[in-house]
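Structure first, commentary second.
The values are calculated or read from the model by the stated rules, or taken from the named source; none is laboratory data. Remember, predicted model here, so these are calculated numbers, not experimental data. When we count neighbours, we look across all protein chains shown, and the Cβ atoms used for this are built from the backbone with ideal geometry, even at glycine.
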Amino acid sequence: MTTEEDGWKVGVLFAHEGVTRLIERSQYRGVLLAINEINEAGGVLGRKLKPVIHDPRSITSEYGRLAQKLILEDRVNVIFGCYTSSARKEVLPIVERHNALFFYSTLYEGFEYSPNVLYGGAIPNQNSVPLARYLLNNYGPRFYFIGSDYIYPRESNRVMRNILREGGGEVVGERYLPLVTDASAIANVLEDVREIQPDVIFSTMVGQGSIDLHRCFAEAGFDSKTMPIGSLTTNEAEIAVMGPEVSAGHIVSAPYFQSVESAANRGFLDRYEKIYGSYQDVTSCAEAAYTQVHLFAQALQTTQKLSTDMLREAILGSVYDAPQGLVRIDPDNGHAYLQSRIAMVNEKGHFRIKCESIRPIKPDPYLVHPQFNDWSLKMREPRTSS
Amino acid sequence: MSGDLIDGLRDLNVLVVQPHDGSTEELLKQIGRIGCNATAVWPFPQSIPDGTDMIFMEITHPLDANAVRLLGVESVDAPTVVGIIAYENPSVLKGIIDLKIDTVLAKPIRPFGVLSHMLMARSVCLARRRDEEELQKLRRKIQAIQKIADAKFILMRHHSINETEAYKIIRSQAMAKRTSTLEIAQSVINAESILSGMAPHDLTARMQSQTDED
């Protein structure tokens, strides 16, 4: 693979329109911030990173088409992009066929490995078990599942159901709504919730659907203190749109929150704010996307060329001091050792971390039954809380 | 049932019989990611290591003699076998059948698909094992029924009684001697054959008829 003299071209594939635009914009910004930082510091080996940007507009088939375009027309072999699993599945065969390197920065349901993908988000053994345990211990055993109707929510719920069964919980309801849905459909589901009276709602609604669910929940007069919505996907960007009166009291499990206390995170948020005016929409996916660009640049520093095979070898096993803490790429499976944290939205509409893993958790993408009592998932109070 | 099968895929002991190269390395890693213990050997070993649950093996032409000897026989506790093929010609296809392969992975092997092939192979192998056990059970049962019928006829002939009475005798003998009706029936048949053993012609005829029934 040849590179142009003036820079290292990398592809960027996040939606700026459509249902998942909010979260994808935050990932996009994470990528561009990292590229910006690297270029300000002189680039890699004196050459700048040059992003080639396409907008798949949240349309699943567009991700595949544009990945192909990036590789064949723009002559790029490194791509950062995608939020939903269905978009990833579009890109996967293309990067495999052309032996490109694809950085996927979203949490997903596991059960995948491709030598052409580096997975930067959390998988069920890293986020579902801690969340289930926290909700069971603090709110009660009766869970109601509400999800968007695609692969991630269904698989995520299968995992959750197994964990709950082991921990003595039960699933008292399970409903799926289309990715693009309206308030009346959600209100309909919430009527059922009112009748069944679960202890917890476990939501895998994504994007606009998640925002609508929280709004309808508040409008219907439910109380998050006694029946919170627990989620793996709700993030700062969505909460900012919801506002504190809608989002307060709900629970999220993720490797990263804005409120992580570390020098790396403070620097990250400062620089983000300087470029984008505010860091309100920084999410764990944005942090993962940002971290992946730095891991890539580190590798490029040693390989000195954009060779997929050399880059892969250099990245596997590498470590980066990310905003969430130390992140290491597991050489066994291309996923990342990540932190696990549980946070609750406070009355100001910010995530307040309730507990976190003692050390990064090894990714186990093919784990059928995560163990409820996995000792490696021991949690502690956050190191410093304000 | 399907859930058990999927759960059961972790922690299997997997033997990979392939010449050691890059693609074998990739296969070993993927099996490891899935959560199984994988070891590689080449060529096919003299005997299958104890505790082997599953074998991935390249179907060579000609077939490895050890593989034919160890896998080409009917056996209830044979391990699950996934064949790896580089060709689809008739000799390789014949190898798939002769070695009783449960499923086939085509070269070049991609990590995607290994898990579902393992599941399919496991499912096919366990179903076959179950069927084989069931078949043996039924075979034994039919033999027992046949024996008891034979014994009843012997008693009916000797004592000029009907079938129900003959069965009653066998059952009460079994209870008195604290043994099974099958064993009493066998004793009756043995006694009859010893008693009539003085007539060699008769015995040969009876043995003949028994082989026919089998």
message: So if I check each of A:349, A:334, which one is touching a residue at least 60 places away in the same chain (Cβ under 8 Å), at positive phi and in contact with a strand residue (DSSP E or B) (Cβ under 7 Å, 6 or more places away or on another chain)?
response: A:334
query: Does region A:66-80 contain at least one residue that is part of a strand (DSSP E or B) and closer than 26 Å to residue A:204 by Cα?
result: yes
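Let's see how each residue does on (1) more than 20 Å from residue A:306 (Cα to Cα); (2) at pLDDT 95 or above; (3) assigned by TED's automatic domain parsing to the domain that holds residue A:285; (4) over 20 Å from the mean Cα position of the chain (by Cα):
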{"residue": "A:16", "(1), (2), (3), (4)": "yes, yes, yes, no"}
{"residue": "A:20", "(1), (2), (3), (4)": "yes, no, yes, no"}
{"residue": "A:23", "(1), (2), (3), (4)": "yes, no, yes, no"}
{"residue": "A:26", "(1), (2), (3), (4)": "yes, no, yes, no"}
{"residue": "A:31", "(1), (2), (3), (4)": "no, yes, yes, no"}
{"residue": "A:38", "(1), (2), (3), (4)": "no, yes, yes, yes"}
{"residue": "A:62", "(1), (2), (3), (4)": "yes, yes, yes, yes"}
{"residue": "A:74", "(1), (2), (3), (4)": "no, yes, yes, yes"}
message: For region A:148-157, check the following and say yes or no: at least one residue is closer than 24 Å to residue A:20 by Cβ, in the same structural domain as residue A:344 (by TED's automatic domain parsing) and without any contact (Cβ under 8 Å) to a residue 40 or more places away in the chain.
response: yes
task: Of the conditions (1) within 14 Å of chain B (Cβ to nearest Cβ); (2) modelled with pLDDT of 95 or more; (3) within 20 Å of residue A:19 (Cβ to Cβ), residue A:89 clears all except one; give me its number.
output: (2)
message: Go through (1) under 22 Å from residue B:21 (Cα atoms); (2) surrounded by 14 or more Cβ atoms within 10 Å (Cβ to Cβ) for residue B:96 and report which single condition fails.
response: (1)
field: Residue that is surrounded by the most Cβ atoms within 10 Å (Cβ to Cβ) [pool: residues in region B:33-62 that are within 22 Å of the chain's Cα centre (by Cα) and polar (S, T, N, Q)]
entry: B:52
query: What number of residues within region B:176-197 are more than 14 Å from residue B:148 (Cβ to Cβ) and touching a Lys or Arg at 6+ places or on another chain (Cβ under 9 Å)?
result: 2
- request: State yes or no: is residue B:116 in a helix (DSSP H, G or I), within 30 Å of residue A:99 (Cβ to Cβ) and more than 22 Å from the chain's Cα centre (by Cα)?
  value: yes
- prompt: List, please: which pairs have Cβ atoms under 8 Å, are six or more places apart or on different chains, and start with a residue in region B:144-155 that is touching a residue at least 60 places away in the same chain (Cβ under 8 Å) and end with one that is part of a helix (DSSP H, G or I)?
  reply: B:146/B:213
message: I'd like the full set of residues that are assigned to a loop (DSSP other than H, G, I, E, B), away from chain B (no Cβ under 14 Å) and under 18 Å from the mean Cα position of the chain (by Cα), limited to region A:110-143.
response: A:120, A:121, A:122
message: So if I check each of A:279, A:366, which one is outside the structural domain of residue A:119 (by TED's automatic domain parsing), over 18 Å from residue A:231 (Cα atoms), of a type in the set (Ser, Thr, Tyr) and at pLDDT below 95?
response: A:366
- prompt: Can you find a residue in region B:90-97 that is within 20 Å of the chain's Cα centre (by Cα) and within 30 Å of residue A:96 (Cβ to Cβ)?
  reply: yes
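Would you mind stating whether residue A:83 is touching a residue at least 40 places away in the same chain (Cβ under 8 Å), assigned to a helix (DSSP H, G or I) and assigned by TED's automatic domain parsing to the domain that holds residue A:309?
no
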message: Contact list please: Cβ distance under 6 Å, first residue in region B:109-120 and within 9 Å of chain A (Cβ to nearest Cβ), second residue assigned to a loop (DSSP other than H, G, I, E, B) and of a type outside the set (Val, Ile, Thr), pairs at least six apart or on different chains.
response: B:111/A:113
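So that you can scan it fast, the table gives a plain yes or no per residue for (1) buried (at least 24 other Cβ atoms within 10 Å of the Cβ); (2) touching an Asp or Glu at 6+ places or on another chain (Cβ under 8 Å):
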site: A:290; (1), (2): yes, no
site: A:299; (1), (2): no, no
site: A:305; (1), (2): no, no
site: A:311; (1), (2): no, no
site: A:321; (1), (2): no, no
site: A:330; (1), (2): no, no
site: A:335; (1), (2): yes, no
site: A:342; (1), (2): yes, yes
task: Please enumerate the residues belonging to region B:102-115 that are out of contact with any helix residue (DSSP H, G or I) (no Cβ under 6 Å at 6 or more places or on another chain) and closer than 20 Å to residue A:334 by Cα.
output: B:110, B:112, B:113
query: Got at least one residue in region B:63-79 being closer than 30 Å to residue A:367 by Cα, surrounded by fewer than 19 Cβ atoms within 10 Å (Cβ to Cβ) and assigned by TED's automatic domain parsing to the domain that holds residue B:123?
result: yes
task: Give, as residue ranges, the strands (runs of 3 or more DSSP E) completely inside region A:168-245 that count at least 3 residues that are modelled with pLDDT of 95 or more and surrounded by fewer than 19 Cβ atoms within 10 Å (Cβ to Cβ).
output: A:170-177
- request: Could you pull out the residue among A:113, A:176, A:144 that is closer than 30 Å to residue A:76 by Cα and not β-branched (Val, Ile, Thr)?
  value: A:113
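Rundown of residues vs (1) at pLDDT 90 or above; (2) among the polar types (S, T, N, Q), yes/no style:
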| residue | (1), (2) |
| --- | --- |
| B:131 | yes, no |
| B:135 | yes, no |
| B:173 | yes, yes |
| B:204 | no, yes |
